[in-house]
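Visitor: Next up is a structure, given as structure tokens.
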Amino acid sequence: MKRPTLEAVAARAGVSRATVSRVVNGQATVTPQIRDAVMRAVDELGYVPNSAARSLVTQRTDSIALVVSEPPTRVFSDDPMFSTVIRSASMELEAADKQVVLMLGGSAKSHARIERYIASGHVDGVMLISMHGADPLPAAIARMGVPVVSYGRPTVPVALPYVDNDNVGGAEKAVRHLLGKGRRRIATIAGPQDMVAGQDRLAGYRNALRDSDRRSIVAVGDFTRESGVIAMRQLLEDDPGLDAVFAGNDLMAIGALQSLRQAGRRVPDDVAVVGFDDIEAARYTEPPLTTVSHPIIQQAGAMVRLLLGLFQGGPAAPVILPTELVVRESA
């Protein structure tokens, strides 16, 4: 069957082609009666707007780029943060009738490809996730004038709207909990220091210890389980007497539990362990993991709503969501 045209809809509704175009493109310069007549004709004929032609008229693609500054091996690893954020943001965008374009930016070559794609006008807006260090994408996209929002406070001094959780406050809650349990030698496995979450959670750890007589004992991981295994071994070698550890995320905490078990240390009797994120696996570790819960799904949803609001001239103020300590048997 031949695809129905604007002209066919116009003939069926008894209006001009231009009037049909204004109706299907959502313009408000048509009376309700004419709009109803056009929409009846659209339904009767099964007319579907040509997306390319519609974009020329509306200057919109109804597509949003979800840019994750990580290689595929990291995005599709055992870290549930990525899948949760991507799934939650995609569902919010689909509910708003927007198409999601997932783009991975784990290398300089992929950064250049992403910049070209966005500069070519293929998307209406951009959401940035998991930025590291001097990531060039935030500044490059900001210069293009494309609406952009960051999942997490940006790592570079660019004025971008963002949604984050209270990383510093959450880490402080974790360490103060350990202090309240009488732990004397509290170490941390910090996240990567080229990421704001890693920096802020380390800052929260140090803030909580600053007014006590405890010293900082720090090892640095990269938010992976394996880095938690290695960092915990290092901490035990450097200070065999430590009796608590705060890990910058749950995967590193799970790795720490493995190293402690291999070293013959009982949790929490000998060493208490606290993580950050409250991923599902935290409930099923041995023992179940005390951790800081932050609303990943809500944060992803807030990021989408902030971006959609920018399209309507809404505020670009940062959104900071609260955290909560979830106490289980590990501490």
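Visitor: Which number comes out as Rg/Rh for segment 178-225 once both Rg and the Kirkwood Rh are worked out on C-alpha atoms?
Guide: 0.99
Visitor: A further question on this structure: Relative contact order for segment 76-180 using alpha-carbon pairs under 8 Å, separation at least 6, rounded to a whole percent?
Guide: Computed over segment 76-180, the figure is 16 percent.
Visitor: Report relative contact order for the chain in percent, whole number only (criteria: Cα-Cα under 8 Å, sequence separation at least 6).
Guide: Computed value for the chain: 15 percent relative contact order.
Visitor: Charges on Cβ only, +1 for Lys and Arg, -1 for Asp and Glu, centred on the Cα centroid of the chain; of PRO80, VAL101, SER259, which one is farthest towards the dipole's positive end?
Guide: VAL101
Visitor: Of the accessible area of the chain, with the probe set at 1.4 angstrom, what percent is carbon plus sulfur?
Guide: On the way: 8110 of 15450 Å².
On the chain, the fraction of accessible area on carbon and sulfur atoms equals 52 percent.
Visitor: Can you pull the three principal axis extents for the Cα set of segment 108-201, in Å, largest first?
Guide: Projected onto the principal axes, the Cα atoms of segment 108-201 cover 58, 23, 18 Å.
Visitor: May I pose another question? Could you tell me what percent of the DSSP beta bridges with both partners in the chain are antiparallel, to the nearest 5? Mind showing how you got there, number by number?
Guide: Details: 3 of 38 bridges.
Of all bridge pairs located within the chain, approximately 10 percent are antiparallel.
Visitor: Based on C-alpha coordinates, I'd like the Rg and Dmax of segment 151-270, in Å.
Guide: Radius of gyration, then largest Cα-Cα span, for segment 151-270: 14.5, 49 Å.
Visitor: Based on Cβ point charges of +1 for Lys and Arg and -1 for Asp and Glu, what charge dipole magnitude is obtained for segment 62-149 about its Cα centre, in debye rounded to the nearest 20?
Guide: So the magnitude is around 340 debye.
Visitor: Treating only the Cβ of Lys, Arg, Asp and Glu as charged (+1, +1, -1, -1), what charge dipole size does segment 246-286 show about its Cα centre? Round to the nearest 20 debye. If you can, show how the numbers build up before the last one.
Guide: Details: 4 positive and 7 negative charges, 43 e Å.
Dipole magnitude for segment 246-286 comes out near 200 debye.
Visitor: On to the next question. In degrees between 0 and 90, to the nearest 10, how far off the longest principal axis of the chain does helix 225-238 point, with axes built from Cα atoms?
Guide: Once rounded, the angle reads 20 degrees.
Visitor: What are the radius of gyration and Dmax of segment 27-148, computed over its Cα atoms and given in Å?
Guide: Rg then Dmax for segment 27-148, in Å: 18.3, 56.
Visitor: Please compute the length gained on full extension between ALA112 and ASP43, using 0.36 nm multiplied by the number of residues separating them and subtracting their Cα-Cα distance. Mind dumping the intermediate values first?
Guide: On the way: separation 69, 0.36 × 69 = 24.84 nm, distance 4.30 nm.
This chain segment gains 20.5 nm when fully extended.
Visitor: Accessible area per residue of segment 188-275 at 1.4 Å probe, in Å²? All intermediate terms of the calculation are to be shown ahead of the outcome.
Guide: Working: 3390 Å² over 88 residues.
Each residue of segment 188-275 exposes 38 Å² on average to a 1.4 Å probe.
Visitor: Would you mind telling me which residue in VAL48, VAL149, VAL229 has the biggest mean-square fluctuation in a Gaussian network model of the chain, where springs connect alpha carbons within a distance under 10 angstrom?
Guide: VAL48
Visitor: Here is a further query. Can you tell me the length gained on complete extension of the stretch ILE34 to LEU102, counting 0.36 nm per residue apart and subtracting the Cα distance?
Guide: 20.6 nm
Visitor: Quick check for you: which residues of segment 139-156 have the amide N under 12 Å from the point 7 Å beyond the Cα of ALA316 toward its beta carbon?
Guide: What the label zone holds, given the 12 Å backbone N cut-off, is 139, 141-150.
Visitor: When you count, for each residue, the other Cβ atoms within 10 Å and take the mean per peptide, how do 241-253, 205-217, 286-298 rank with the highest first? Could the numbers behind the result be given before it?
Guide: Details: 241-253: 27.2, 205-217: 15.0, 286-298: 19.2.
Those peptides, ordered most packed to least, come out 241-253, 286-298, 205-217.
Visitor: Give me the angle, in degrees from 0 to 90, between the Cα long axis of helix 250-262 and the longest principal axis of the Cα atoms of the chain, rounded to the nearest 10.
Guide: Result, in degrees: 30.
Visitor: Another one. Could you tell me the relative contact order of segment 65-118? Use alpha-carbon pairs under 8 Å, at least six residues apart, and round to a whole percent. It would help to have the intermediate numbers written out before the result.
Guide: On the way: 44 pairs, mean separation 26.9, N = 54.
Computed over segment 65-118, the figure is 50 percent.
Visitor: Still on this model: Between segment 237-305 and segment 98-172, what's the alpha-carbon centroid distance in Å?
Guide: Taking the Cα centre of segment 98-172 as reference, the centre of segment 237-305 is 28 Å away.
Visitor: Okay, next question. Could you point to the residue in SER69, ALA112, ILE186 farthest towards the positive end of the chain's charge dipole, with +1 and -1 charges on the Cβ of Lys/Arg and Asp/Glu respectively?
Guide: ALA112
The values are calculated or read from the model by the stated rules, or taken from the named source; none is laboratory data. This is a predicted model, so every value here is computed, not measured. Glycine also receives a Cβ, built like all others from the backbone with ideal geometry; neighbour counts cover every protein chain displayed. Please note that ligands, DNA and RNA were not included when accessible areas were found on the heavy atoms of the full protein model with its side chains. Shrake-Rupley method; radii C 1.70, N 1.55, O 1.52, S 1.80 Å.
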